[in-house]
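**Student:** Before anything else, here's the structure in question.
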Amino acid sequence: MSIPLWLKERLGPRVRYQEGFSRVRSGSPARYALRAEPGFVKSISAIQALVRRHVAVPVAKREIERVMVGQEIVVDLPILEDAAAFEAELRRLGIRAVRQDAAAAAEG
């Protein structure tokens, strides 16, 4: 069964979803304070960045939604492979990520 042309035009181009993006395999736990920069809109990419570091999907979604409404949140990453890479990835997405001290991460 094919989709009518008028419906294809209305829906736009086909979106390709990559199933099972890779999670980091090793690293250490870390705690980060996250705040959205003006114009932040890449919420799905931000959720994926957290999930790649083994944050549960519902938790990542909830926390990024809080970031989107202007809250500063603190999130615990179970596995952080490279702090600079994580911070740069979020910076490209429009989120300021500030690492919290080791004592705060150990409390959680």
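**Student:** Within region 41-66, can you find the residues that are under 21 Å from Asp101 (Cβ atoms) and hydrophobic (A, V, I, L, M, F, W, C)?
**Tutor:** Answer for region 41-66, where residues must be under 21 Å from Asp101 (Cβ atoms) and hydrophobic (A, V, I, L, M, F, W, C): Leu50, Val55.
**Student:** Another one. Can you tell me which residue is farthest from the chain's Cα centre (by Cα) among those in region 82-108 that are modelled with pLDDT of 90 or more and among the acidic types (Asp, Glu)? Steps first, answer last, please.
**Tutor:** Residues of region 82-108 modelled with pLDDT of 90 or more: 82-100.
Those left that are additionally among the acidic types (Asp, Glu): 82, 87, 89.
On the way: Asp82: 15, Glu87: 11, Glu89: 9 Å.
The qualifying residue farthest from the chain's Cα centre (by Cα) is Asp82.
**Student:** List every residue pair whose Cβ atoms lie under 7 Å apart, where the two residues are 6 or more positions apart in sequence or sit on different chains, the first residue falls within region 77-98 and is at positive phi, and the second residue, located anywhere, is surrounded by fewer than 16 Cβ atoms within 10 Å (Cβ to Cβ) and modelled with pLDDT under 95.
**Tutor:** Close Cβ pairs (under 7 Å, with a partner that is surrounded by fewer than 16 Cβ atoms within 10 Å (Cβ to Cβ) and modelled with pLDDT under 95) amount to Gly94/Glu37; Gly94/Gly39.
**Student:** Give region 43-60 a look and list any residue that's surrounded by fewer than 18 Cβ atoms within 10 Å (Cβ to Cβ) and more than 8 Å from the chain's Cα centre (by Cα), or say none.
**Tutor:** His54, Ala56, Val57, Pro58, Val59
**Student:** Pairs needed: first member in region 7-36, at pLDDT below 75; second member anywhere, among the acidic types (Asp, Glu); C-beta distance under 7 Å; at least 6 residues apart or different chains.
**Tutor:** Close Cβ pairs (under 7 Å, with a partner that is among the acidic types (Asp, Glu)) amount to Val24/Glu81.
The values are calculated or read from the model by the stated rules, or taken from the named source; none is laboratory data. Everything quoted here is computed from the prediction, not taken from an experiment. All Cβ positions, glycine included, derive from the backbone under ideal geometry; neighbour counts span all protein chains shown.
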